[in-house]
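Peer 1: What follows is a structure written as structure tokens; I'll ask about it next.
The values are calculated or read from the model by the stated rules, or taken from the named source; none is laboratory data. Just so you know, these numbers come straight off a predicted model, no measurement behind them. No Cβ is skipped: glycine too gets one built from the backbone with ideal geometry, and neighbour counts run over all protein chains shown. Keep in mind that these areas ignore ligands, DNA and RNA; they rest on the heavy atoms of the full protein, side chains included. Shrake-Rupley method; radii C 1.70, N 1.55, O 1.52, S 1.80 Å.
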Amino acid sequence: MKVDGQLYRTIWLNDDKNSVSVIDQTVLPHRFVITQWHSAEDVADGIRKMVVRGAPLIGASAGYGIALGMLHDPSDKGLERSYKMLFASRPTAVNLRWALDRIRAALLPVQPCDRAAAAFAEAGKICDEDVSNCSAIGEYGRSLIKQAWDATGRSRPINLLTHCNAGWLATVDWGTALAPIYKAFDADIPVHVWVDETRPRNQGASLTAWELGHHGVSHTVIVDNAGGHLMQHGQVDLCIVGSDRTTGSGDVCNKIGTYLKALAARDNQVPFYVALPLSTVDWTIDDGIMSIPIESRSPDEVTTISGHTNEGELCEIRLTPEGTTALNHAFDVTPRHLVTALITEYGVFKTTPEEMAKLREKQFCTVCGI
Ligand code: MRU
């Protein structure tokens, strides 16, 4: 996507072939800073501190993390060391494990002296595939938005609600939940987006609003508790969110608060779509509530808030009384029966056992080339 007229991806290999650049998401929307990674340690630290975040981008970053690790120690032991360190960086998004397993499987048959080159090639492929998968998700999702617009007799903009940031910043490009919105906007379908601020880290207010603004998409930031009220008053046509881990049965784990939006959507007959590439599906589990590890983050993210002063300084301020404790679970699970359908790179699938089996078959057949 473009930032001030210049095309960017969120991550890329530099010309020196020894370092990787990323957009630092901890300082957006106030600063646009590119940061460089030189080692697997840099990448693990960047994922942990959320310099990069969003399930597909975490996976893509981990791929480059292994590649940078191979520059320093390409032995089997070095590979395991980088794998373990990156694997421990964040627990919920399954794309991390998916990318690490894929790169390790590609490297094990390769001689250590050739591993760095092979790892950079595989990491580059993961990135390119993520871009084409997200673009396909965008096309399928755009048709759903167009149907909603046609159903109004093309009489008014379609109002979408999204939670957290599942835009291009959360992937390599295009995004998942926002890809259909960008594609609809680019096709002159009028859209307006309600952006949940998404406390405690405010990925909606900071990142989604920044992205949509740069693309010219009409949007309004709302507090996290406003969505249900808007739905009751007919002001939301569709919800679209992303996913950090989707079970084989269609349960969806996404940023904390997603579940409450899905409940409100069901109560108000608002379609609730989840947009995701198949790298986000964990076919090894069925019951999301029991099986998905939910990241618990620092209480400081709840008790403080950061922003930009009128003097242009970035600063953090305390919201709660000194010594107040806080709980900070970063994700929740929306059970499959609240999900209208999954928008994937293979099309739109309901979360019924039959449709999930079809989705699995599509992925398997593509991998084995049938
Ligand atoms: O904690 P974050 O910012 O990494 O959480 C991100 C989300 O919850 C996204 O909605 C999810 O990763 C889908 S991204 C395309």
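Peer 1: For region 311-370, give the magnitude of the charge dipole about the Cα centre (Cβ charges: +1 Lys/Arg, -1 Asp/Glu; no others), in debye to the nearest 20.
Peer 2: Dipole of region 311-370, to the nearest 20 debye: 540 debye.
Peer 1: Further, regarding this structure: Step through the residues of region 229-235 one at a time and calculate ³J(HN,Hα) from phi using the Karplus curve (6.51 cos²θ - 1.76 cosθ + 1.60, θ = phi - 60°), rounding each to whole Hz and writing x for Gly and Pro.
Peer 2: Each residue's phi maps through the Karplus curve to give 4, 5, 5, 4, 9, x, 9 Hz.
Peer 1: Round to the nearest 10 and report in Å² the accessible area of TRP174, as given by a 1.4 Å probe over the protein chains' heavy atoms.
Peer 2: 50
Peer 1: Still on this model: For region 2-128, what is the charge dipole size about the Cα centre, in debye to the nearest 20, if Lys and Arg each add +1 at the Cβ and Asp and Glu each add -1 at the Cβ?
Peer 2: Details: 16 positive and 14 negative charges, 84 e Å.
Rounded to the nearest 20 debye, it is 400 debye.
Peer 1: Considering only protein heavy atoms and a 1.4 Å probe, what is the carbon-and-sulfur percentage of the accessible area of region 139-368? All intermediate terms of the calculation are to be shown ahead of the outcome.
Peer 2: Details: 5140 of 9820 Å².
Looking at region 139-368 in its full context, I get 52 percent from C and S.
Peer 1: Can you give the net charge of the other residues whose Cβ lies under 15 Å from the Cβ of GLY153, counting K and R as +1 and D and E as -1?
Peer 2: Around GLY153, the charge tally is +1.
Peer 1: Can you give the relative contact order of the chain as a percent, counting alpha carbon pairs under 8 Å and 6+ residues apart? Present the calculation step by step, with values, prior to reporting the outcome.
Peer 2: Numbers: 753 pairs, mean separation 55.3, N = 370.
It rounds to 15 percent for the chain.
Peer 1: Using only Cα atoms, locate the centre of region 49-98 and the centre of region 163-207, then give the distance between them in Å, rounded to an integer.
Peer 2: 25
Peer 1: Scan region 1-50 for trypsin sites (Lys or Arg not before Pro) in coil per DSSP, keeping those whose Cβ has at most 14 other Cβ atoms within 10 Å, and list them by number.
Peer 2: Answer in residue order: LYS17, ARG31, LYS49.
Peer 1: Please compute one quarter of the surface area of the Cα convex hull for the chain and express it in square nanometres.
Peer 2: 19.7
Peer 1: Which residues does a label at ARG360 reach in region 247-271, if reach means a backbone N under 13 Å from a point 7 Å past the Cα toward the Cβ?
Peer 2: Answer for this model: 247-251.
Peer 1: Extension gain GLU311-THR325, at 0.36 nm per residue separation less the Cα-Cα distance, in nm?
Peer 2: 2.0 nm
Peer 1: I've got another one for you. On C-alpha positions alone, give me the angle between the axis of helix 112-151 and the longest principal axis of the chain, in degrees, nearest 10.
Peer 2: The answer is roughly 10 degrees.
Peer 1: Count charges around LYS183 for me, please; just the other residues with Cβ under 9 Å from its Cβ, Lys/Arg as +1, Asp/Glu as -1.
Peer 2: Residues near LYS183 contribute -1 overall.
Peer 1: Where the convex hull is taken over the Cα atoms of region 260-370, what is its projected area averaged over directions, in nm²?
Peer 2: Values: hull surface 45.9 nm².
Result: a mean projected hull area of 11.5 nm².
Peer 1: Further question: Calculate the length of the line joining the C-alpha centroid of region 245-265 to that of region 116-150, in whole Å.
Peer 2: 21
Peer 1: What nm distance separates the two modelled labels at ASP300 and VAL110, each placed 7 Å from Cα along Cα→Cβ?
Peer 2: 3.8
Peer 1: Further question on the same structure: Given Cα pairs under 8 Å that are at least 6 residues apart, what percent is the relative contact order of region 2-128?
Peer 2: Normalised by residue count, the contact order of region 2-128 is 22 percent.
Peer 1: Take the Cα gyration tensor of region 207-309, multiply each eigenvalue by 5, square-root it, and list the three semi-axes largest first, rounded to whole angstrom.
Peer 2: 25, 20, 15
Peer 1: Next question, about the same structure. Taking every pair of Cα atoms in region 68-147, average 1/r, invert it to obtain the Kirkwood radius, and report Rg/Rh to two decimals.
Peer 2: 1.13
Peer 1: As a test of the definition: which semi-axes, in Å, follow for region 1-145 when you take the square root of five times each eigenvalue of its alpha carbon gyration tensor? Largest first, please. Display every interim value, and only then the final one.
Peer 2: Working: eigenvalues 130, 62, 43 Å².
Each semi-axis is √(5λ); the values are 25, 18, 15 Å.
Peer 1: Now a separate question. Could you please put HIS329, HIS233 in sequence from largest to smallest accessible area, using a 1.4 Å probe?
Peer 2: My answer, sorted largest first, is HIS233, HIS329.
Peer 1: Something else: For region 20-87, compute Rh as the Kirkwood radius over C-alpha pairs and then the Stokes-Einstein diffusion coefficient at 4 °C and 1.567 mPa s; write the answer in µm²/s, rounded to an integer.
Peer 2: Calculated translational D: 107 µm²/s.
Peer 1: How large are Rg and Dmax for region 228-272 when only the alpha carbon atoms are used, in Å?
Peer 2: 11.1, 34
Peer 1: Could you quote the convex hull projected area for region 60-110, Cα atoms only and averaged over all directions, in nm²?
Peer 2: Averaged projected area of region 60-110's Cα convex hull equals 3.0 nm².
Peer 1: Given a cut-off of 25 Å, name the pairs among LYS2/LYS125; LYS49/LYS362; LYS255/LYS350; LYS84/LYS358; LYS49/LYS255; LYS84/LYS261 whose C-alpha atoms lie farther apart than that in the structure shown.
Peer 2: LYS49/LYS362; LYS84/LYS358; LYS84/LYS261, as the Cα separations exceed 25 Å there.
Peer 1: Then there's this: For the chain, what is the accessible area per residue in Å² when the probe is 1.4 Å?
Peer 2: For the chain, the per-residue accessible area is 42 Å².
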